[in-house]
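The values are calculated or read from the model by the stated rules, or taken from the named source; none is laboratory data. Predicted, not measured: the structure shown is a model, and the values here were computed from it. Neighbour counts are summed over all protein chains in view; Cβ atoms, including those assigned to glycine, are modelled from backbone coordinates with ideal geometry. These accessible areas exclude ligands, DNA and RNA; they are computed on the full protein's heavy atoms, side chains included. Shrake-Rupley method; radii C 1.70, N 1.55, O 1.52, S 1.80 Å.
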Amino acid sequence: MSSTQRLISADSHVTITDEAFLANVPKKHLEAAQAVIDQAQAASANSPMPNNRAHRHWPAQGRPGDADQTARLEDQDTDGVDAEVLYSQSTFGFEGGLFYAMNDDDARNACFSAYNDTLAQWIEAAPNRLIPVGIVPATSSEEGITELERLVSMGFKAATVPTYPKVYGIPSYWDPKYEGLWKTFAATRIPLSLHTAATPHFMEFVIDDPTPAKGIAQSLPPIHMAELISGWILGGMVPNNPDLHIVLVESGIGWISYYLERLDTMHRRHSWASRGMLQELPSTFWQKQFHATFEDDLVGMRTLDLLGTDTLMWASDYPHPDSTWPESQDVVTRHFDGLPDEDKQKIVWKNAAALYNIT
């Protein structure tokens, strides 16, 4: 590659087609899988979200590399990016969310496995440059553990569960039923990704939003993501599993320092420790067990001393509207101007390489 600055994107995307997915579904579950696809397509046709892509264009829009491996590697080279951590998107959503509507346990689990098998096949072209994030069912610890351990055996280095479980009618993650799953994530040292997503109340914002581009609703994900920091710390999942690492994906970083400060303030003023809650300040868990990705966030660059440079990872977000493709090298040069080079190297590739064992 011609680039002199190594870059690893900690958040990019790949589209898994219905045809590729169905090719991996066992024959006895094909009818159930096709029914979910049909439901998803019907729901998409009736979505209240506007088709913003019809009236604007960004460089990565419609690139063949969204779904084609060879074209993706070419686009990586064009952008000067060595490797990408890939969050898959499809008819079913990037969390496999619509699988949760399936009543047949065997069919649902078969679909999760078939989806992950399809993702594994997609990255075979260059497994050192295409790093897949597997999707783990969160219907029960048993089902989740079975698929997570299978992913580990297949060489996966990252996995995700639904960011907001109540969207799919499953319990909140502090429910004791999940304890075994979080312990397995910790034991396998697989980072648990929580990608920005629609909250249970997101559609209320969408429907009420008067702006043509639904700009109010689109601007709120970082605010919603604050819920995850408090939930995973105060809900006990992070403190109870010191080897569990949580990655907040595609929500920026400029807001995080303030929110950690607020949690610490609430801890002191409301005497959480004396009331049987957390003994340590909530912020102490951030640098030990949390990570966050961003594309460009100049406010966040002013808070590096508060967040810790080991917790942050740059991302190109290819091929979404926020993507820095094909100017990632220039964007990174401008973005980190004036910062210590060691901080820059950690954030643009070293931290991702360490977390995901990318050589």
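Of the strands (runs of 3 or more DSSP E) entirely within the range 74-164, none holds at least 3 residues that are of a type in the set (A, V, I, L, M) and either under 20 Å from L22 (Cα atoms) or open to solvent by 10 Å² or more (accessible area, probe 1.4 Å) (or both).
Give the range 241-256 a look and list any residue that's in a loop (DSSP other than H, G, I, E, B) and either within 18 Å of S316 (Cβ to Cβ) or basic (K, R) (or both), or say none. E250, S251, G252, I253 - these are the residues of the range 241-256 that are in a loop (DSSP other than H, G, I, E, B) and either within 18 Å of S316 (Cβ to Cβ) or basic (K, R) (or both). A count restricted to the range 60-73 and to residues that are in contact with an Asp or Glu (Cβ under 7 Å, 6 or more places away or on another chain) and not in a loop (DSSP other than H, G, I, E, B) stands at 1.
Of the residues T324, T293, T333, T265, which is within 30 Å of Q69 (Cβ to Cβ) and either exposed (fewer than 15 other Cβ atoms within 10 Å of the Cβ) or of a type in the set (A, V, I, L, M) (or both)? Every option except T333 fails the conditions. For the range 244-261, which positions are surrounded by 20 or more Cβ atoms within 10 Å (Cβ to Cβ) and over 19 Å from Y178 (Cβ atoms)? Residues satisfying the conditions are V249, E250, S251, G252, I253, I256, L260.
Number of residues in the range 183-205 that are under 17 Å from the mean Cα position of the chain (by Cα) and open to solvent by less than 70 Å² (accessible area, probe 1.4 Å): the value is 11. When the residues of the range 272-298 are narrowed to those that are at pLDDT below 95 and among the polar types (S, T, N, Q), which ends up nearest to D337 (Cα to Cα)? It comes out as Q287. Could you grab the pairs with beta carbons closer than 7 Å, sequence gap of 6+ or different chains, first residue in the range 243-269 and under 23 Å from A198 (Cα atoms) and among the β-branched types (V, I, T), second one assigned to a loop (DSSP other than H, G, I, E, B) and open to solvent by less than 40 Å² (accessible area, probe 1.4 Å)? Matching pairs, first to second residue: I246/V238; V247/P191; V249/T196; I253/D297. When the range 206-240 is filtered for residues that are open to solvent by less than 50 Å² (accessible area, probe 1.4 Å), of a type in the set (G, A, S) and part of a loop (DSSP other than H, G, I, E, B), the ones remaining, listed by number, are A213, G235, G236.
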